[in-house]
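Asker: First the structure, which I've put down as structure tokens, then a few questions once you've had a look.
Just so it is clear, none of the values below were taken in a lab; they were calculated from the coordinates. Quick caveat: nothing in here was measured; it's all calculated off a predicted structure. We place every Cβ from the backbone using ideal geometry, glycine too, and count neighbours over all the protein chains shown.
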Amino acid sequence: MSNPLKSNTCDEIVFSSFFKTHAKSLRNFLFYKFGNKDQAEDLTQEAFIKLWQNCTSVPVEKAKSYIYTIANNSSLNEIKHKKVVLEYENNFTGADKTNENPEFILEEKQFKNKLLKAIEDLNETQRVAFLMHRIDQKKYSEIAEELNISVKAVEKRIHLALVELRKTIDFK
């Protein structure tokens, strides 16, 4: 006897609601891994397309895990072809017609580049947890759930990221 209510992921209203709830956090997760917004958008769409194509075999309760697994596997395939680079508005020249002292603008740009380089140099696990916490303002428990690790592991990753950033940037 088949159960027609086994998976309602194929229901357009349920799927649409699921997409609206999870697309942004999945995209941000991928952006932190790659540092490339367009690539994150593409992989997010690809994950949801695969979910829709396999909606009969993926119950809603497991759909979040499914899209993260699909996206992660796709990202691992991309890593084989590219070096992971975190790029944040490299085209910013600082010439935004402010009355700031040119020396200050230069120092600010140098610090920004140093910070971005330091974040880029973090290992992937530390960088992802750090950015999810600092940029997305996610709680440790939310990060732990999305990454399938313990809260203690999240705390350790963020702590080690901060230690490494302090060492690299040499705060005084």
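Asker: Could you count how many residues in region 6-42 are in contact with a Lys or Arg (Cβ under 8 Å, 6 or more places away or on another chain) and either aliphatic (A, V, I, L, M) or part of a loop (DSSP other than H, G, I, E, B) (or both)?
Answerer: Summing the residues that are in contact with a Lys or Arg (Cβ under 8 Å, 6 or more places away or on another chain) and either aliphatic (A, V, I, L, M) or part of a loop (DSSP other than H, G, I, E, B) (or both) in region 6-42 gives 1.
Asker: If you scan region 121-140, which residues turn out to be surrounded by 15 or more Cβ atoms within 10 Å (Cβ to Cβ) and either outside any loop (DSSP other than H, G, I, E, B) or among the hydroxyl-bearing types (Ser, Thr, Tyr) (or both)?
Answerer: Hits for region 121-140 are THR125, GLN126, ARG127, VAL128, ALA129, PHE130, LEU131, MET132, HIS133, TYR140.
Asker: Hey, among the residues in region 141-157 that are under 17 Å from THR69 (Cα atoms) and charged (D, E, K, R), which one's surrounded by the most Cβ atoms within 10 Å (Cβ to Cβ)?
Answerer: Of region 141-157, the ones under 17 Å from THR69 (Cα atoms) are 142-149.
The next check asks that each one be charged (D, E, K, R); those that pass are 142, 145-146.
Numbers: GLU142: 16, GLU145: 15, GLU146: 21.
Step by step, filter region 141-157, then rank; the result is GLU146.
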